[in-house]
Amino acid sequence: MAKLRRGWGIVLSAKDVQETDRLATVLTEKEGKVPILAKRARRIESPYGAVLEPTNYVELIYYVRVGPYLLKEASLLRRYPGISGELARLEAALEGLNFVEGLLPERVPEPRVLSLTVGFLEELEKGAPPDVLLLAYELKALSALGHGPHLEGCVRCGSEEDLTWSPGEGLICRSCGGEGEEMPASLWRAMRMLSRLPLSSAGRVRLREGEVKRIRALLRGHGRGDYNPA
Ligand SMILES: [Zn+2]
């Protein structure tokens, strides 16, 4: 007999598979990121199709097995109507969850990332500025997983002069061999503030649209370990 288990967590993503099934990735409290297959979830009579939507906080009962776990029951504990009802917020939420899903290993508990994710969704729901909040969430998730970029001056000597960006590391000055793109003080100081401030205060960091795009590209390259400025 397959083992039954109960779990709670945030749905990071979900996609339709086969004729009527849905495959969700859920960041659970006890097991971290897990894939869960909901058989016949897209049938009209199924109560689970609408539960397994990204951003929902859900309770699940599932069979443990090799490959994706098999859903037995799902119930909705918390949804975020303020996010799903506004495009800019929904896009930020989905982008953040997608970024974090890519960073997380499967079936490894990451309670800090889960509480960070809940905090991110709660702040979005309350109306925090989505673009800045997204950057703060991604920076904090990288740090929580031990991949945070070095933002305290040059990673080698601590200097705050002539800084450049090294994907996978963070700031490095030209004297220490930094050859990447130049990092203006306003940009890296803003990133440092976003990583230090609680998510609820991220909205205090003022950024121009170009700066938001640039930081986003830096984090994408940093998280992947390669670098492709958009
Ligand atoms: Zn240096």
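The values are calculated or read from the model by the stated rules, or taken from the named source; none is laboratory data. Everything numeric in this text was worked out from a predicted model, so none of it was measured. With ideal geometry, Cβ positions are generated from the backbone for all residues, glycine too; neighbour counts draw on all protein chains shown.
Considering region 158-196 alone, what residues qualify as being within 24 Å of Pro130 (Cα to Cα) and free of Cβ contacts under 8 Å to residues at least 40 places away in the same chain? Selection gives Met183, Pro184, Ala185, Ser186, Leu187, Trp188, Arg189, Ala190, Met193, Arg196.
Figure legend. Inter-residue proximity from region 135-148: first residues over 8 Å from Ser195 (Cα atoms), second residues surrounded by fewer than 17 Cβ atoms within 10 Å (Cβ to Cβ), beta-carbon distance below 6 Å, spacing 6+ or different chains. Indicated pairs: Leu142/Gly148; Ala144/Arg112. Going through region 32-60 one residue at a time, which ones are polar (S, T, N, Q) and closer than 16 Å to Gln18 by Cβ? Ser46, the sole residue that qualifies.
Yes or no, residue by residue, for (1) out of contact with any strand residue (DSSP E or B) (no Cβ under 7 Å at 6 or more places or on another chain); (2) surrounded by 17 or more Cβ atoms within 10 Å (Cβ to Cβ):
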| position | (1), (2) |
| --- | --- |
| Val64 | no, no |
| Leu71 | no, yes |
| Arg79 | yes, yes |
| Glu86 | yes, no |
| Arg89 | yes, yes |
| Ala93 | yes, yes |
| Gly96 | yes, yes |
| Leu103 | yes, yes |
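Among the residues making up region 55-83, those that are of a type in the set (S, T, N, Q) and either out of contact with any helix residue (DSSP H, G or I) (no Cβ under 8 Å at 6 or more places or on another chain) or assigned to a strand (DSSP E or B) (or both) are Asn56, Ser75.
Report the residue count in region 30-48 for those that are free of Cβ contacts under 8 Å to residues at least 60 places away in the same chain and either in contact with an Asp or Glu (Cβ under 7 Å, 6 or more places away or on another chain) or surrounded by 15 or more Cβ atoms within 10 Å (Cβ to Cβ) (or both). So the count comes out to 9.
What number of residues within region 5-47 satisfy the criterion of being within 21 Å of Ser84 (Cβ to Cβ) and in a strand (DSSP E or B)? Adding up the residues that qualify gives 17.
Within region 143-177, being more than 11 Å from the ligand (Cβ to nearest atom), touching a strand residue (DSSP E or B) at 6+ places or on another chain (Cβ under 9 Å) and hydrophobic (A, V, I, L, M, F, W, C) holds for Leu151, Trp165.
Just a yes or no: is a residue in region 208-227 within 16 Å of the ligand (Cβ to nearest atom), over 28 Å from Glu53 (Cα atoms), among the small types (Gly, Ala, Ser) and under 21 Å from the mean Cα position of the chain (by Cα)? So far as region 208-227 goes, no, none of its residues is within 16 Å of the ligand (Cβ to nearest atom), over 28 Å from Glu53 (Cα atoms), among the small types (Gly, Ala, Ser) and under 21 Å from the mean Cα position of the chain (by Cα). Answer with yes or no whether Pro130 is within 16 Å of Val205 (Cβ to Cβ) and free of Cβ contacts under 8 Å to residues at least 24 places away in the same chain. No: the conditions fail for Pro130. Here Gly180 does not fit the description of being of a type in the set (Gly, Ala, Ser), assigned to a loop (DSSP other than H, G, I, E, B) and within 12 Å of the ligand (Cβ to nearest atom).
For beta carbons closer than 8 Å, sequence separation of 6+ or different chains, a first residue in region 49-69 that is at pLDDT below 95 and a second that is among the hydroxyl-bearing types (Ser, Thr, Tyr) and in a strand (DSSP E or B), the qualifying pairs are Val51/Ser75. For region 84-132, a residue qualifies if it is among the basic types (Lys, Arg) and in a helix (DSSP H, G or I), and the qualifying residues are Arg89, Arg112, Lys126.
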